[in-house]
Amino acid sequence: MQSYWFNFFWPCTAKYWIIDLASDHSYAVVRHSNKKSLWILSRTAKMNEAVYQQITARLQEKGFDLSKIQITKQF
């Protein structure tokens, strides 16, 4: 797990952790250092459903509450 400072927009910055990353970098799972925010990021507009299910299963095994995950509609 790696920690980074990210500048969402100046002057706001946040520390975040990459907690899961595809070997080909096709997706990343990122959480805020306060553990209140979690993002599943994909390089494609539509993530493969099987891959998404595998990611969420690993997150549940690690004890993350996935009840507030919202899937963003991509265009």
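With the biggest extent put first, the Cα atoms of segment 11-75 measure 33, 29, 24 Å across the principal axes.
Potential lengthening of the chain between Ser42 and Lys73 amounts to 9.9 nm, from the contour at 0.36 nm per residue minus the alpha-carbon distance. Taking each residue as 0.36 nm, the span from Phe64 to Tyr52 lengthens on full extension beyond its C-alpha to C-alpha distance by 2.8 nm. Taking amide hydrogens as placed 1.01 Å from N in the peptide plane, the amide H of Asp20 sits under 5 Å from those of Val29, each at least 5 positions away in sequence or on another chain. What does the net charge come to around Lys15 if you take all other residues with beta carbon closer than 13 Å to its beta carbon, with K and R at +1 and D and E at -1? That sum, taken over residues with Cβ under 13 Å, equals +3.
All of the numbers you see were taken from the coordinates with simple rules; none came from a lab. All values reported here derive from a predicted model rather than from experimental measurement. Reconstructed Cβ throughout: ideal geometry from the backbone, glycine too, with neighbour counts over all protein chains shown.
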